[in-house]
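All remarks here apply to the structure that follows.
The values are calculated or read from the model by the stated rules, or taken from the named source; none is laboratory data. The shown structure was predicted, so the numbers you read here are calculated from the model rather than taken from an experiment. Backbone-built Cβ (ideal geometry, glycine too); neighbour counts: all protein chains shown.
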Amino acid sequence: MDTQNIANNTTRELFLESFIAEAFREGCPFAVWKKPGQPLVEMIMDKDPQAYSRPNLDLDELPGGFMIHPFQSSEVHEQVYVKASRYERFMLGEVSPAAEEEWNSNEPILEGSATIVRNKIASLPEAPNSTPSNKANFLSTVANAIDRIQSGGFYKVVPARLKKRQLPPDFDLARVFLELCEAYPSAFVNCFYSETSGCWIGASPETLIRTKGDLFYTMALAGTQKAQGDNPLKNAAWTQKEIEEQALVSRYIVNCFKKIRLREYQELGPKTSVAGGLLHLKSEFLVDMKATNFPQLGSVMLELLHPTSAVCGMPKEDALTFLKEEEGFDRSYFSGFIGPVNLNGETSLFVNLRCAKLENNQALLYAGAGITEDSVPEKEWEETELKCDIIGKFIQTTKPH
């Protein structure tokens, strides 16, 4: 990396840190994100957070902003909408000196930003019902799930676990965000905060819905293995368990289309995809909303899809009942959905996966595993370890729990 690019990266980190610090200092909800495969970092701050504290899911009626939706809505965890009262953006990678000089002159840096951000994260209260998952209990949950599947209770269920790590004294939120952008270019890298949701950072591999112009898009992502070798896509070998797990998610999407009598859609895959050092099986679904005369498809499918079988199970209600009985902690906004709405002509909502909640100088890491009748409990635990490490390895720890 040359000297100019180092300077660019340092400037971006300072600008991002200053933006986050200003939002914390002013008590404003904010969101920062980078979409998959794009070099653009976007940032919004909501100067009037009360105006859309409880929005509905009619996406077309919302002003430009960022959606934060929990796994399950409740009095404790409600949907949050961060309006784009202030919108900023910058490009990653190398920028010309002239463009850098112009950008620097227009964007003052808030003094003491790093301290403001660290103090705010340290002051965020620890959430109740957030006890780290015990390995023996998780293995027991997986074994119970397999028994329930074999007895016909449901086809698939996705139990999750919680892991805590202490944040180091010099934890740098802006730097971690930019490191995630560099490490996971195909992920939805994000950081957001509101008083209701708390502060989160993550790198999600899974699009829930995307609408742009007349095109609707969603995906079925399931099955996990570690990327191996110089060409992991060629080295991938999927077991029957993983193939069936992904097929269940695809069928779930097709069944949602059937419920609304939508027959004209394009299905691509399944194919192997790389996300954060892990491999997954992915199928993609596209719909021309103009040709099908379905302009509201984004809002309709959002209601039908969430929570998907990739984060909950099938049938949905039976799987939810099992998770409430077995998990032993509060998922909060993990495996909910997040993303920009009606910004630059596009809405992109992602499942909140590979994420951490930051509070009380701790990182709460979340991960789930898709259980079918062919699952092996110990392997499912190992899968959740790999998923937690996607974010956890960027948080230098002194006291792992």
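Scanning segment 249-273 for residues that are among the basic types (Lys, Arg) and not in a strand (DSSP E or B) gives ARG251, LYS258, LYS259, ARG261, ARG263. Based on what the data block shows, is ALA247 among the small types (Gly, Ala, Ser) and under 30 Å from PHE19 (Cα atoms)? No, not satisfied.
Any residue in segment 236-250 that is among the β-branched types (Val, Ile, Thr), more than 24 Å from THR292 (Cβ to Cβ) and out of contact with any helix residue (DSSP H, G or I) (no Cβ under 6 Å at 6 or more places or on another chain)? Yes: one or more hits.
Restricted to segment 191-240, the set of strands (runs of 3 or more DSSP E) holding at least 1 residues that are hydroxyl-bearing (Ser, Thr, Tyr), surrounded by fewer than 19 Cβ atoms within 10 Å (Cβ to Cβ) and in contact (Cβ under 8 Å) with a residue 40 or more places away in the chain comprises 215-226. Count, please, the residues in segment 161-185 that happen to be in a helix (DSSP H, G or I) and more than 25 Å from ASN119 (Cβ to Cβ). Number of matching residues: 2.
Of the residues making up segment 143-160, just one is in a helix (DSSP H, G or I), among the aliphatic types (A, V, I, L, M) and either free of Cβ contacts under 8 Å to residues at least 12 places away in the same chain or in contact with a strand residue (DSSP E or B) (Cβ under 6 Å, 6 or more places away or on another chain) (or both), namely ALA145. Exactly one residue out of THR211, THR196, THR224 is farther than 30 Å from VAL82 by Cα, of a type in the set (Ser, Thr, Tyr) and assigned by TED's automatic domain parsing to the domain that holds ASN342: that is THR224. In this structure, ASN352 does not qualify as at positive phi and not aliphatic (A, V, I, L, M). Condition first: more than 21 Å from VAL249 (Cα to Cα), among the polar types (S, T, N, Q) and at pLDDT below 95. Can you find one or more residues in segment 327-339 that meet it? Checking segment 327-339: not a single residue is more than 21 Å from VAL249 (Cα to Cα), among the polar types (S, T, N, Q) and at pLDDT below 95. Among MET67, MET1, which is the only one that is modelled with pLDDT of 90 or more and either in a loop (DSSP other than H, G, I, E, B) or buried (at least 21 other Cβ atoms within 10 Å of the Cβ) (or both)? Going through MET67, MET1 in turn, the sole match is MET67. With respect to ASP318, determine if the residue is assigned by TED's automatic domain parsing to the domain that holds LYS212, at pLDDT 95 or above, among the charged types (D, E, K, R) and out of contact with any Asp or Glu (no Cβ under 8 Å at 6 or more places or on another chain). Here the answer is yes, as ASP318 does meet what is asked. A count restricted to segment 262-312 and to residues that are of a type in the set (S, T, N, Q), touching a residue at least 60 places away in the same chain (Cβ under 8 Å) and farther than 22 Å from TYR155 by Cβ stands at 3.
When the residues of segment 12-43 are filtered to those that are among the aromatic types (Phe, Trp, Tyr) and part of a helix (DSSP H, G or I), which remaining residue is modelled with the lowest pLDDT?
Of everything passing the filter in segment 12-43, PHE15 is modelled with the lowest pLDDT.
Among the residues of segment 286-318, the ones that are of a type in the set (A, V, I, L, M, F, W, C), in contact with a Gly (Cβ under 9 Å, 6 or more places away or on another chain) and farther than 22 Å from LYS163 by Cα come to 1 in all.
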